[in-house]
Amino acid sequence: MLRRLYDWTMSLAARPAAEAWLALISFVESSIFFIPADILFIPMTLSRPERAWRYAFVATATSVLGGIAGWYLGYFAFEAVARPILEFYGKLNAFEAMRDSADASTILLLLITSGLAHLPPIKVVTILSGAMHVNIWLFIVAALVTRGARFYFLAWLLRRYGEPIRHFIEKRLGMIAGVAAAVVILLYILYKYLH
């Protein structure tokens with residue numbers, strides 16, 4: 001089953017509509033969606049490494065635009081829209097704790113860690129930035145730098161080492177899935193233990 005899912009993702013990544021899907025997922029990830037754009041960006045770049053820089057540009061631009069949408073949700077529509085989204089994902093308590101203990105410089109640091117490594121999830125930080133009235137221009141610059149760094153670094157890695165990475169993934173798909181599941185479970189346990 002894993003092999004079929006992997007093959008399907010790789011074939012989807014090679015389709016003409018993949019770029020539009022990447023733009024959509026990158027946009028909504030930064031404001032309301034849980035799934036990171038990497039799930040499409042990585043196979044797309046592995047499938048068409050000559051387009052790595054183009055994909056990085058699309059993912060960065062739409063991610064920043066989605067972040068701006070998240071900022072506006074937090075700033076103008078927290079109670080009506082953002083709160084239900086955070087409740088749906090089970091992130092409202094974490095959001096409230098961050099909002100109660102954070103200042104503008106902390107938010108900026110969270111935006112950097114979230115933009116680079118999804119810690120905490122980017123949508124939480126973009127909504128928090130709006131709710132805390134972080135300067136929109138500072139927010140945009142930070143989002144552009146961090147999301148750009150993430151996607152362009154991934155593009156460089158996948159262009160340079162893409163074929164060996166692809167062969168490694170294809171040979172050890174079950175092991176990789178098992179390790180990824182173990183890491184997710186461990187992170188969940190640590191999160192529950194620390195909160």
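Note on segment 37-89: the C-alpha convex hull projects to 4.1 nm² when averaged across all orientations. Each label was represented as a point 7 Å from its Cα along the Cα-to-Cβ direction; for Ala20 and Arg48 these points are 1.3 nm apart.
Probe radius 1.4 Å, ligands and nucleic acids left out: which of Met44, Met98, Met132 has the largest accessible area, and how do the rest follow?
Numbers: Met44 0, Met98 35, Met132 60 Å².
Final ranking, largest accessible area leading: Met132, Met98, Met44.
Multiplying the residue separation of Val145 and Tyr89 by 0.36 nm and removing their Cα-Cα distance gives an extension gain of 17.5 nm.
The values are calculated or read from the model by the stated rules, or taken from the named source; none is laboratory data. Just so it is clear, the model here is predicted, and its values are computed rather than measured. Don't worry about glycine lacking a Cβ; one is built from the backbone with ideal geometry, like all the others, and counts go over all protein chains shown. Just the protein is used for accessible areas: all its heavy atoms, side chains included, with ligands, DNA and RNA removed. Shrake-Rupley method; radii C 1.70, N 1.55, O 1.52, S 1.80 Å.
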